[in-house]
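Remarks on the structure that follows.
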Amino acid sequence: QVQLVESGGGLVQAGGSLRLSCAASGRIVSSYTMGWFRQAPGKERELVTAINWSGSRRYYADSVKGRFTISRDNAKNAVYLQMNSLKPEETAVYYCAADLSSWPLQEPIDYWGKGTLVTVSS
């Protein structure tokens, strides 16, 4: 079993930045694709970004390209999401995800975090 715990969410003004972290425990996830989904109020969950096990491949949703950066540190069993130039419509719960077999992360996902709320004020 893998436990994923997100941190770093909070309130930020439009145009601001936040860095989310996801710490994995229970099993080494260095072989897993990891990434971030988000779910805004009243909307479906969507894939934001993913990174393969080595960090050599990255996927970004079109809406975040050039503003968000995903990275991972396998020695720390962690993945990060740097979010810049945030927009009010990006207010959502952001979920960390880990999956062994899909690229760039397709549901059903092997493991989910409980999520961290990001609120972007206008």
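The values are calculated or read from the model by the stated rules, or taken from the named source; none is laboratory data. The structure displayed is predicted, hence computed values, not measured ones. Please note: Cβ atoms are built from the backbone with ideal geometry, for glycine as well, and neighbour counts cover all protein chains shown. Ligands, DNA and RNA are excluded from the accessible area calculation, which covers all protein heavy atoms including side chains. Shrake-Rupley method; radii C 1.70, N 1.55, O 1.52, S 1.80 Å.
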Considering only residues that are over 11 Å from the mean Cα position of the chain (by Cα) and among the aliphatic types (A, V, I, L, M), look in the stretch 64-77 and name the one that is surrounded by the fewest Cβ atoms within 10 Å (Cβ to Cβ).
Ala75
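Does any residue of the stretch 29-49 turn out to be aliphatic (A, V, I, L, M), assigned to a loop (DSSP other than H, G, I, E, B), open to solvent by 40 Å² or more (accessible area, probe 1.4 Å) and out of contact with any Lys or Arg (no Cβ under 9 Å at 6 or more places or on another chain)?
Checked against the condition, which is being aliphatic (A, V, I, L, M), assigned to a loop (DSSP other than H, G, I, E, B), open to solvent by 40 Å² or more (accessible area, probe 1.4 Å) and out of contact with any Lys or Arg (no Cβ under 9 Å at 6 or more places or on another chain), the stretch 29-49 yields no hits at all.
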Under 9 Å by Cβ, and 6 or more places apart or on different chains, what pairs join a residue from the stretch 59-75 that is without any contact (Cβ under 8 Å) to a residue 12 or more places away in the chain with one that is surrounded by 17 or more Cβ atoms within 10 Å (Cβ to Cβ) and aromatic (Phe, Trp, Tyr)?
Gly66/Tyr60; Asp73/Tyr80
Apart from one, (1) in contact (Cβ under 8 Å) with a residue 60 or more places away in the chain; (2) in contact with a Phe, Trp or Tyr (Cβ under 8 Å, 6 or more places away or on another chain); (3) open to solvent by less than 40 Å² (accessible area, probe 1.4 Å) all hold for Trp112; the odd one out is (3)
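Kindly establish whether Leu20 is open to solvent by less than 40 Å² (accessible area, probe 1.4 Å), in a strand (DSSP E or B) and in contact (Cβ under 8 Å) with a residue 40 or more places away in the chain. Before the answer, list the steps.
Details: open to solvent by less than 40 Å² (accessible area, probe 1.4 Å): yes; in a strand (DSSP E or B): yes; in contact (Cβ under 8 Å) with a residue 40 or more places away in the chain: yes.
So Leu20 passes the test.
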With the condition kept exactly as written, say whether any residue in the stretch 51-63 is of a type in the set (A, V, I, L, M), buried (at least 18 other Cβ atoms within 10 Å of the Cβ) and part of a helix (DSSP H, G or I).
no
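Select from the stretch 85-108 the residues that are open to solvent by 20 Å² or more (accessible area, probe 1.4 Å) and among the hydrophobic types (A, V, I, L, M, F, W, C) and write down the one among them that is nearest to the chain's Cα centre (by Cα). Even if it seems obvious, please write down each step before you answer.
First, pick out the residues of the stretch 85-108 that are open to solvent by 20 Å² or more (accessible area, probe 1.4 Å): 85, 87-89, 91, 93, 95, 100-101, 103-104, 106-108.
Now narrow it down to the ones that are among the hydrophobic types (A, V, I, L, M, F, W, C): 93, 100, 103.
Numbers: Val93: 10, Leu100: 16, Trp103: 14 Å.
Looking at residues that are open to solvent by 20 Å² or more (accessible area, probe 1.4 Å) and among the hydrophobic types (A, V, I, L, M, F, W, C), I get Val93.
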